[in-house]
Ligand SMILES: [Zn+2]
Ligand SMILES: [Zn+2]
């Protein structure tokens with residue numbers, strides 16, 4: 001099994017040692033893991049997280065990728081994308097997780113967000129995602145598609161009225177040959193679902209046949225690495241998806257589940 005969205009101590013909001021991450025991955029018999037620390041491109045937002053020194057970060061994970069036996073250790077980066085920044089490329093990395101962590105002009109997405117109309121909030125978020133994604137082309141996976149659910153009061157799902165817009169996102173991903181992540185960080189807490197939600201995964205599979213899906217724990221502590229990867233694989237199999245994907249040197253590789 002695999003987990004492509006793991007944070008290490010290079011992210012300001014994680015303290016996991018890479019050795020502990022590898023040890024936990026071995027314990028769960030994961031075959032492939034990817035470190036993807038934060039690199040928010042929009043520095044003006046107050047909650048922007050980014051690795052301090054990208055070269056030092058790269059060197060460090062490159063060392064582990066060359067010296068880790070049994071497990072395929074990948075060099076990733078969670079690139080925080082916005083419509084307000086330029087594109088970003090760095091082909092030293094195996095892949096990116098592309099994540100939209102905010103809306104232009106909205107200061108923070110943390111704590112609990114109370115809005116009058118959550119449908120409008122999601123719509124603005126997806127519009128921002130569409131605009132931001134246009135600028136990026138390197139191989140990777142769209143992170144936590146319905147991210148506002150973590151923060152919106154009442155944890156509402158994306159309403160069906162926005163499924164057409166989601167299909168625009170799926171079409172754009174297909175055009176750009178960028179995959180999608182199933183983020184498991186909330187499967188045991190707050191709203192007990194994946195990101196995208198199970199309903200949205202079904203929409204994605206319906207629209208694309210289950211193209212280029214990966215699984216990510218978004219673990220900010222070593223013990224959460226790969227925690228729900230097997231469960232998601234079972235869920236995907238029920239939807240007749242038989243393979244998930246990872247990227248090595250920017251090339252997509254199949255992994256049978
Ligand atoms: Zn994220
Ligand atoms: Zn993350």
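The values are calculated or read from the model by the stated rules, or taken from the named source; none is laboratory data. Values in this document were obtained by computation on a predicted structure and should not be read as measured data. Virtual Cβ from ideal backbone geometry, glycine too; neighbours counted across all protein chains shown.
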In the list 125, 118, which residue meets the criterion of being away from ligand 1 (no atom under 16 Å from the Cβ), buried (at least 20 other Cβ atoms within 10 Å of the Cβ) and over 26 Å from residue 244 (Cα atoms)? 118
From 204, 246, 198, residue being touching a strand residue (DSSP E or B) at 6+ places or on another chain (Cβ under 8 Å), at pLDDT 95 or above and closer than 20 Å to residue 165 by Cα: 204
Considering only region 229-247, state which residues are crowded, with 17+ Cβ neighbours inside 10 Å and part of a strand (DSSP E or B). 244, 245, 246, 247
Being closer than 20 Å to residue 145 by Cβ, part of a loop (DSSP other than H, G, I, E, B) and free of Cβ contacts under 8 Å to residues at least 60 places away in the same chain narrows it down to one of 206, 202, 211, so name that one. 211
Please specify each residue of region 167-190 satisfying the condition of being within 16 Å of ligand 1 (Cβ to nearest atom), farther than 20 Å from residue 255 by Cα and touching a residue at least 40 places away in the same chain (Cβ under 8 Å). 185, 187, 190
Residue check, residue 90 against (1) within 16 Å of ligand 1 (Cβ to nearest atom); (2) touching a helix residue (DSSP H, G or I) at 6+ places or on another chain (Cβ under 8 Å); (3) in contact (Cβ under 8 Å) with a residue 40 or more places away in the chain, all met but one. Which one? (1)
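How about region 97-132: which of its residues are in a helix (DSSP H, G or I) and within 24 Å of residue 77 (Cβ to Cβ)?
Filtering region 97-132 down to residues in a helix (DSSP H, G or I) leaves 118-132.
Of everything in region 97-132, those that are in a helix (DSSP H, G or I) and within 24 Å of residue 77 (Cβ to Cβ) turn out to be 125, 126, 128, 129, 130, 131, 132.
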Suppose we filter region 84-93 for residues that are modelled with pLDDT of 95 or more and either under 19 Å from residue 125 (Cβ atoms) or buried (at least 24 other Cβ atoms within 10 Å of the Cβ) (or both); how many remain? 1
Say whether the condition of being touching a residue at least 12 places away in the same chain (Cβ under 8 Å), surrounded by fewer than 16 Cβ atoms within 10 Å (Cβ to Cβ) and within 16 Å of ligand 1 (Cβ to nearest atom) is met by at least one residue in region 94-110. yes
Is there a residue being within 16 Å of ligand 2 (Cβ to nearest atom), in contact with a helix residue (DSSP H, G or I) (Cβ under 6 Å, 6 or more places away or on another chain), at pLDDT 95 or above and not in a strand (DSSP E or B) anywhere in region 21-38? yes
Any chance region 102-121 includes a residue that's under 21 Å from residue 196 (Cα atoms), within 14 Å of ligand 2 (Cβ to nearest atom) and modelled with pLDDT of 95 or more? no
What's the total number of residues in region 1-10 that are away from ligand 1 (no atom under 16 Å from the Cβ) and either under 17 Å from the mean Cα position of the chain (by Cα) or in a helix (DSSP H, G or I) (or both)? 2
Taking region 133-157 and the residues there that are part of a loop (DSSP other than H, G, I, E, B) and within 15 Å of ligand 2 (Cβ to nearest atom), the one that is surrounded by the fewest Cβ atoms within 10 Å (Cβ to Cβ) would be 151
Filtering region 170-191 down to residues that are in a loop (DSSP other than H, G, I, E, B) and under 17 Å from the mean Cα position of the chain (by Cα) yields 177, 178, 184, 185, 186, 187
Select, from 13, 91, the only residue that is within 12 Å of ligand 2 (Cβ to nearest atom) and not in a strand (DSSP E or B). 13
